[in-house]
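Take a look at the structure set out below.
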Amino acid sequence: MARKKEEKKQEEKVQEAKELSKDEVIAELTDMLKRTQAEFINYKNRVEKENKEAYEYCSADLVKKLLPVLDSFELAFKNTGEAGKFRQGMEMVYAQLVDVLEHEGLRRIDAEGKKFDPYRHEVLMKDKSDKSPDIVLEEFQKGYMFKNKVARHSKVKVSE
């Protein structure tokens with residue numbers, strides 16, 4: 001008995017669908033399309049907003065890690081009585097800062113004594129030397145890599 005009722009309901013639905021005019025079908029599909037477009041636009045706007053927020057706050061973790069370094073600087077500036085101890089304190093703060101930056105993916109580009117690499121080094125001077133050509137003689141400014149990209153090129157003097 002229940003099976004016959006289900007079959008009858010399905011037949012009624014099929015009959016109703018056949019009775020819909022083309023205009024009604026077009027109107028229904030148009031409405032569905034408009035709703036889908038609106039949902040997509042809302043999704044796109046939400047993702048853009050989330051990406052913007054993530055970009056704005058992506059360095060928050062790094063800033064938190066640098067706060068102890070800032071505290072160490074403030075403490076060192078309060079205790080400037082002895083030059084030797086002040087210098088030792090500054091060296092410790094420098095080491096702390098380098099440690100935080102290395103942990104985040106920053107590493108120094110070794111330049112002096114190495115072959116010139118245009119992707120990592122920027123030539124400021126050339127000088128005659130007894131060394132083979134394109135060897136870095138002196139490093140004027142350290143270069144750094146951040147993960148696998150050059151953050152800053154080493155500024156160097158190379159042999160001719």
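Just so it is clear, none of the values below were taken in a lab; they were calculated from the coordinates. As the structure is a computational prediction, the values presented were derived from the model and not from experiment. Heads up, the Cβs are rebuilt from the backbone with ideal geometry, glycines too, and the neighbour counts pull from every protein chain shown.
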The condition from (1) touching a strand residue (DSSP E or B) at 6+ places or on another chain (Cβ under 7 Å); (2) surrounded by fewer than 16 Cβ atoms within 10 Å (Cβ to Cβ) that A83 misses is numbered (1)
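I'd like to verify a number: residues in region 72-112 that are of a type outside the set (G, A, S) and in contact (Cβ under 8 Å) with a residue 24 or more places away in the chain, how many?
Taking region 72-112 first, the residues of a type outside the set (G, A, S) are 73-75, 77-80, 82, 85-88, 90-94, 96-104, 106-110, 112.
Still in the list and also in contact (Cβ under 8 Å) with a residue 24 or more places away in the chain: 93, 96-97, 100, 103-104, 106-109, 112.
Count: 11.
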Filter pass, L29 being more than 21 Å from L101 (Cβ to Cβ) and assigned to a helix (DSSP H, G or I)
yes
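Here are some residues: D130, D134. Which one is exposed (fewer than 10 other Cβ atoms within 10 Å of the Cβ), over 30 Å from the mean Cα position of the chain (by Cα) and charged (D, E, K, R)? Please lay out each step first, then the result.
Numbers: D134 fails: exposed (fewer than 10 other Cβ atoms within 10 Å of the Cβ).
Exactly one of D130, D134 is exposed (fewer than 10 other Cβ atoms within 10 Å of the Cβ), over 30 Å from the mean Cα position of the chain (by Cα) and charged (D, E, K, R), namely D130.
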Which condition from (1) in contact (Cβ under 8 Å) with a residue 12 or more places away in the chain; (2) in contact with a Phe, Trp or Tyr (Cβ under 7 Å, 6 or more places away or on another chain) is the one that L66 breaks?
(2)
Might you let me know whether region 113-126 holds any residue that is more than 16 Å from F140 (Cβ to Cβ), among the hydrophobic types (A, V, I, L, M, F, W, C) and either in contact with a strand residue (DSSP E or B) (Cβ under 7 Å, 6 or more places away or on another chain) or without any contact (Cβ under 8 Å) to a residue 12 or more places away in the chain (or both)?
no
The condition of being within 24 Å of L97 (Cα to Cα) and of a type in the set (G, A, S) holds, among G113, G143, only for G143
Would you pick out the residues in region 87-114 that are surrounded by fewer than 12 Cβ atoms within 10 Å (Cβ to Cβ) and outside any helix (DSSP H, G or I)?
G113
